[in-house]
Amino acid sequence: MDERLQPYSDKMQKSFDNLLDEFGSIRAGRANPHVLDRLRVDYYGTPTAIQQVANVSVPEPRMILIQPWEASMVRQIEKAIQTSDLGINPTNDGKVIRLVFPELTEERRKDLAKEVKKKGEGAKVAVRNIRRDANDTMKKMGKANDISEDEVKQLEAEIQKMTDKFIANVEKAVEEKSKEILTV
């Protein structure tokens, strides 16, 4: 790959990685500790990720167990989960917090699949915007006579190949996540 295209490839990769991170926070009926990634608790005045103040484990397919390292954190973690958009009510016995994930209804599965597709479309738009920026930059370089017209065409073809590769990756990820969600 031409080194002039590397920054655009990196941006496309970041868009794809961001999509995968977003998919990690969508719960698909199975307990996934990544649903807690966005949650923060107040730890001595600092917003801190739950994974940094507690041990998070998955003892059963539909349960997450959170064991805070300090007993005083139990209430704060419980409160953070209740005020989040997880839609799960935590239970605690004073030492550990349990999150039990209910089976998803068919309707909820379809809604989540739609959400996955929407996020996938957003990622595709981001990749296409990066392609447009890259093409504009190459055309400007051509107009400024920094590179020849043939080079501009060659670079644009390379940009298109790169875009097609990332779009295909996004579509594959969307398909896999949708299948995971719709599988009972």
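Points to keep in mind about this one:
- Accessible surface area normalised per residue over the chain is 60 Å², counting heavy atoms of protein chains with a 1.4 Å rolling probe.
- Remark: the stretch 22-75 projects, on average over all directions, an area of 4.0 nm² (convex hull of Cα atoms).
- Helix-only mean residue ellipticity at 222 nm for the chain, each DSSP H run of n ≥ 4 adding -39500 (n - 2.57), per residue, nearest 500: -19500 deg cm²/dmol
- In straight-distance terms, cross-link reach from Lys114 covers every one of the lysines whose alpha-carbon lies under 16 Å from its own, apart from those fewer than eight places away in the same chain; here that gives Lys124, Lys172, Lys177, Lys179.
- Nonpolar atom fraction for the chain, defined as the carbon and sulfur part of the 1.4 Å probe accessible area, stands at 49 percent.
- Under the simplified labelling scheme, the Arg132-Asn92 pair shows an inter-label distance of 4.8 nm, with each label point 7 Å from Cα along Cα→Cβ.
- Computed lengthening from Glu176 to Gln82, 0.36 nm per intervening residue step minus Cα-Cα distance: 30.9 nm
- Here the 3J(HN,Hα) profile of the stretch 139-146, calculated from phi with Karplus coefficients 6.51, -1.76 and 1.60 at θ = phi - 60°, is 5, 4, 5, x, 5, 7, 6, 6 Hz, Gly and Pro shown as x.
- Cα gyration tensor, the stretch 1-121 - rounded (a/c under 1.5), prolate or oblate: oblate
The values are calculated or read from the model by the stated rules, or taken from the named source; none is laboratory data. All values reported here derive from a predicted model rather than from experimental measurement. Cβ coordinates were reconstructed from backbone atoms using ideal geometry, including for glycine residues, and neighbour counts include every protein chain displayed. Note: accessible area is taken over every heavy atom of the protein model, side chains too, but ligands, DNA and RNA are not part of it. Shrake-Rupley method; radii C 1.70, N 1.55, O 1.52, S 1.80 Å.
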